[in-house]
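The values are calculated or read from the model by the stated rules, or taken from the named source; none is laboratory data. Since the structure is predicted, the reported quantities are computational estimates derived from the model, not experimental observations. All Cβ positions, even for glycine, are placed from backbone atoms using ideal geometry, and neighbour counts span all protein chains on display.
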Amino acid sequence: MKQRRVVITGLGAVTPVGNNVNDMWENLIAGKTGIDFVTKVDKELFPAKAAAEIKDFDPSPYIERKDARKMDLFTQYAVIAAKMAVEDADLPINDNNRNRVGVWIGCGIGGMQTWEDQHKKLLEKGPKRVSPFFVPMMIPDMAAGQVSIQLGAKGINSCTVTACASGASSIGDAFRAVQRGDADAIITGGTEAPISNMAFAGFSSAKALSVNEDPKKASRPFDKNRDGFVMGEGCGILVLEELESALARNAKIYAEIVGYGATGDAYHITAPAESGEGAARAMQEALNDASVAPTEVNYINAHGTSTNLNDKYETIAIKSVLGEHAKHVAISSTKSMTGHLLGAAGGVESVISVKTIVEGMIPPTINYETPDPDCDLDYVPNKAREQDVDVVLSNSLGFGGHNVALVFKKYQ
């Protein structure tokens, strides 16, 4: 059976650098950071002081108040970004097609703040005061569930949980589902709202977070003086659609998704495999799946967390897959501005990857000041670059040794 082509027809985003795709994009190209001192926890309690928080968040234009009260923030972000993406795609969801429109949204952690709030109630007021909505508000799949309910999409409904690769895994899995004919369109991406005391405490104890005293300089991927990631929150959503379906309704087509690679490190619960071996295999798998030669890649949206091992090993992995071409490909980590959105990272970075193709602009890696001999490629330092982009490789790596690479291509 011939594989169906899959295109992107809608984009939606709620991020620390903008609460919609256009604002996010303009700020990224301008090199503006969404990172500042954390406000959702008491920064005096933690060695890390920075976070990438959503600003001026108001769900009311998209979600009724009574419904929002039954959703953790990660679900609210997903519902809003999904409604934006479906509106952008001008995709009607009705009795004619709703059984063929799916939802596949990843989340790494789920409702951390809900869990904390309800646990406090349990300890202070007893079990009878715990909300009956506690479990459905907390579980990571509820973003997909609520998007399906809010939009009336009755096709495949799923959530892939692969830590910080969850958004990218979900997009890849949705791509496969459309490709093989399980659905004609899928609303897909990643969402996360992890900025809570427990998450901050856990990542701080693991010494994973940057303790840079200047929050705007804290996320500095590939820079020699990087010292950890900055936790962020938000959501990125794409509408993936079978090509013939998109053409039949005269939809605008942003780009095509052509490759998906996923591997496991089988190495360590948090550290990446030596020399990025697993990440390299995921990239190679994605390129093979896309029938794209390494020399055809114009831009890599790197995982680039601003941690010592990730940035070093991802660089080695890129060199091992692209060979000599690695020196000539533009690479950037938009986490330098968005922070690390954990399970939402792959969703937001896929939206950015698609925009890079459409706009012919590559976002920079900001805060790149001191070159690291171990990270010696072209990271598009500090300033956006105008460049035609036909093929983008987007990397996402997660605790547990999850490696995902996606390939996006200019639609022809």
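Assorted remarks:
- Qualifying residue in the stretch 148-158 (condition: of a type in the set (Ser, Thr, Tyr), at pLDDT 95 or above and either closer than 19 Å to VAL348 by Cα or not in a helix (DSSP H, G or I) (or both)): yes
- Selection within the stretch 380-408 - under 21 Å from SER306 (Cα atoms) and among the aromatic types (Phe, Trp, Tyr): PHE399
- From the options ILE63, ILE8, ILE105, residue that is within 22 Å of HIS340 (Cβ to Cβ) and among the hydrophobic types (A, V, I, L, M, F, W, C): ILE105
- Taking the stretch 42-72 as the range and being within 23 Å of the chain's Cα centre (by Cα), over 30 Å from ARG385 (Cβ atoms) and not in a helix (DSSP H, G or I) as the test, the residues that pass are ALA48, LYS49, PHE57, ASP58, PRO59, TYR62, ILE63, MET71, ASP72.
- One residue stands out in the stretch 95-119 among those that are part of a strand (DSSP E or B) and among the small types (Gly, Ala, Ser): the one that is nearest to ASP184 (Cα to Cα), namely GLY102.
- Scanning the stretch 258-282 for residues being over 21 Å from the mean Cα position of the chain (by Cα) and either in a loop (DSSP other than H, G, I, E, B) or under 19 Å from GLY172 (Cβ atoms) (or both) gives a total of 4.
- In the stretch 210-257, the residues that are under 30 Å from GLU369 (Cα atoms), charged (D, E, K, R) and in a strand (DSSP E or B): ASP223
- Annotation: of all residues in the stretch 208-248 being free of Cβ contacts under 8 Å to residues at least 24 places away in the same chain and under 30 Å from ARG176 (Cα atoms), the one that is surrounded by the most Cβ atoms within 10 Å (Cβ to Cβ) is LEU247.
- Any hit, the stretch 365-372, residues being over 24 Å from GLY264 (Cα atoms), polar (S, T, N, Q) and crowded, with 18+ Cβ neighbours inside 10 Å: yes
- Being within 20 Å of VAL380 (Cα to Cα) and among the small types (Gly, Ala, Ser) is true of GLY304.
- For the stretch 125-142, the set of residues classified as assigned to a helix (DSSP H, G or I) and either under 16 Å from SER166 (Cα atoms) or over 27 Å from the mean Cα position of the chain (by Cα) (or both) consists of LYS125, PRO127, LYS128, ARG129, MET142, listed by residue number.
- Reported count of residues in the stretch 20-35, each being assigned to a loop (DSSP other than H, G, I, E, B), in contact with a helix residue (DSSP H, G or I) (Cβ under 8 Å, 6 or more places away or on another chain) and either closer than 26 Å to VAL211 by Cα or of a type in the set (Val, Ile, Thr) (or both), is 4.
- Residues that are under 20 Å from HIS340 (Cα atoms) and not in a loop (DSSP other than H, G, I, E, B), drawn from the stretch 283-307: TYR299, ILE300, ASN301
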